[in-house]
1. Give me the pairs, please: first residue somewhere in segment B:45-64 and within 11 Å of chain A (Cβ to nearest Cβ), second residue anywhere and surrounded by fewer than 20 Cβ atoms within 10 Å (Cβ to Cβ) and part of a strand (DSSP E or B), beta-carbon distance under 6 Å, and either six or more positions apart or on two chains.
2. Take B:Leu111 and decide whether it is facing chain A (nearest Cβ under 9 Å) and within 25 Å of B:Arg36 (Cβ to Cβ).
3. Name, by its number, the condition in (1) more than 14 Å from chain A (Cβ to nearest Cβ); (2) of a type in the set (A, V, I, L, M); (3) without any contact (Cβ under 8 Å) to a residue 60 or more places away in the chain; (4) touching a Leu at 6+ places or on another chain (Cβ under 9 Å) that does not hold for B:Leu121.
4. Could we say that A:Gln105 is over 24 Å from A:Ile23 (Cβ atoms) and either at pLDDT 95 or above or in contact with a helix residue (DSSP H, G or I) (Cβ under 7 Å, 6 or more places away or on another chain) (or both) here?
5. Would you check if A:Ala47 is in contact (Cβ under 8 Å) with a residue 12 or more places away in the chain, open to solvent by less than 70 Å² (accessible area, probe 1.4 Å) and not in a strand (DSSP E or B)?
6. Could you please tell me which pairs satisfy a Cβ distance under 9 Å, a separation of 6+ or placement on different chains, a first residue in segment B:99-112 that is closer than 15 Å to B:Asn84 by Cβ, and a second residue that is at pLDDT 80 or above and assigned to a loop (DSSP other than H, G, I, E, B)?
7. Among (1) over 30 Å from A:Gln158 (Cβ atoms); (2) outside any helix (DSSP H, G or I); (3) of a type outside the set (S, T, N, Q), where does B:Leu69 come up short?
8. If you go through segment B:150-205, how many residues are surrounded by fewer than 22 Cβ atoms within 10 Å (Cβ to Cβ) and under 23 Å from A:Thr142 (Cβ atoms)?
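The values are calculated or read from the model by the stated rules, or taken from the named source; none is laboratory data. All figures in this text were calculated on a predicted structure; none of them were measured in a lab. Every residue, glycine as well, gets a Cβ built from its backbone with ideal geometry; the counts of neighbours run over all protein chains shown. The accessibility values were calculated without ligands, DNA or RNA, using every heavy atom of the protein model including side chains. Shrake-Rupley method; radii C 1.70, N 1.55, O 1.52, S 1.80 Å.
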Amino acid sequence: MIQQPIVKVAMADLGVAVRGECIRTTGLGSCVGLTLYDAVRKIGGMAHVMLPDSSIAREFPFNRAKYADTAVPLLIEELEKAGARVERMNAKMAGGAQMFASLAQSDSLRIGPRNVESCALLLSRIGIPVVAEDTGGNYGRTIELDSETGILTIRSAQNGTKEL
Amino acid sequence: MRSYGKLAEFELDVLKEVGNIGSGHAATALSTLLNRPVDMAVPKVSLVPFEEVAERAGGAEQLVVAVFLRVDGDAPGNLFYIMNPVAAKRLLRRLAAMEVEEDLEYSEMELSALSEIGNILAGSYLSSLADLTRLALSPSVPAVALDMAGAVLAYGLMQYGEMGDAALLVETRFQGDGEEIEGQFFLIPDPDSFPTLFRSLGVDVP
């Protein structure tokens with residue numbers, strides 16, 4: 001079997017995979033791994049979103065890949081540059097956990113669920129369907145999207161591997 | 001506010017001393033518990049890109065036992081005590097006299113015991129720091145997780161997320177004769193805490 005190159009996405013980063021490449025990000029906790037996929041052109045993109053909303057940014061210029069509300073449009077832009085079409089894209093999401101569930105009383109500590117909500121809201125506004133998600137819980141995940149098949153593989157330390 | 005990203009060399013040295021005092025007391029506490037010497041490496045203080053924070057604990061996917069405390073009060077921040085899961089099992093056997101299996105499965109009871117050990121160490125870290133600075137620093141109830149380092153540590157980076165893509169990390173490492181002694185403290189003061197910390201230690205803050 002030929003080992004396909006893997007595109008790595010860091011925290012608060014995004015990337016695009018084409019021509020059968022896989023794209024992955026490791027150690028998602030409260031961060032959300034959002035993937036967009038165009039099945040016709042077999043182009044996939046992934047963002048490792050850290051925070052729900054760029055209105056809180058105190059840096060300038062800020063990293064658009066970090067916030068859900070700016071990462072979604074930026075990822076669409078990058079995919080379109082690679083030849084994907086927004087009307088053909090579907091989305092999958094993983095992550096958004098609460099790593100320390102016992103501490104999750106206050107809103108600022110509910111960051112995982114808020115990241116998921118923010119991504120979902122943006123996607124629904126743009127009209128991209130979320131076809132599968134594995135979000136929440138209190139455990140970390142590593143995810144990998146295969147741009148050939150659009151299958152998203154999710155690995156966790158506690159709950160094994162699954163495919164979406 | 002002055003940027004925490006542009007700290008002078010002597011300010012980093014002051015933060016090293018913070019790590020030294022805090023983890024020095026924690027090392028003493030661990031040494032007393034184990035009745036064995038615990039050595040401490042020289043603290044490392046630097047602005048670490050988010051992606052590299054987990055590398056300092058073995059890599060984003062490395063399984064770790066992490067005890068987390070949120071520090072509230074005059075200089076808020078996040079404090080982690082991180083152990084390798086195999087070493088943590090040995091620590092449980094020595095300290096809590098628990099019959100533990102040599103695998104990576106942890107029972108609620110074992111995690112709870114580790115949380116308490118982490119709490120004792122972090123408590124001595126913080127109380128010595130509070131004594132030194134005369135600041136009010138109150139730790140939250142400890143939380144424990146056995147998971148990927150990247151997933152766990154990201155939790156302590158949120159306060160930096162809105163300001164940039166790196167966090168200021170005060171890192172100290174325990175070592176000694178026996179794996180059960182090995183552990184790491186990550187102190188991540190909130191960005192807004194630096195002026196207070198420096199002022200409390202007699203450094204002039206513009």
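1. B:Pro49/B:Ala166
2. When the stated conditions are applied, B:Leu111 does not pass them.
3. (3)
4. Values: over 24 Å from A:Ile23 (Cβ atoms): yes; either at pLDDT 95 or above or in contact with a helix residue (DSSP H, G or I) (Cβ under 7 Å, 6 or more places away or on another chain) (or both): no.
For A:Gln105, the condition - over 24 Å from A:Ile23 (Cβ atoms) and either at pLDDT 95 or above or in contact with a helix residue (DSSP H, G or I) (Cβ under 7 Å, 6 or more places away or on another chain) (or both) - is not met.
5. For A:Ala47, the condition - in contact (Cβ under 8 Å) with a residue 12 or more places away in the chain, open to solvent by less than 70 Å² (accessible area, probe 1.4 Å) and not in a strand (DSSP E or B) - is not met.
6. Going by the 9 Å Cβ cut-off, the qualifying pairs are B:Val100/B:Tyr106; B:Val100/B:Ser107; B:Leu104/A:Ala157.
7. Checking B:Leu69 against (1) over 30 Å from A:Gln158 (Cβ atoms); (2) outside any helix (DSSP H, G or I); (3) of a type outside the set (S, T, N, Q), the one that fails is (1).
8. Residues meeting the conditions: 4.
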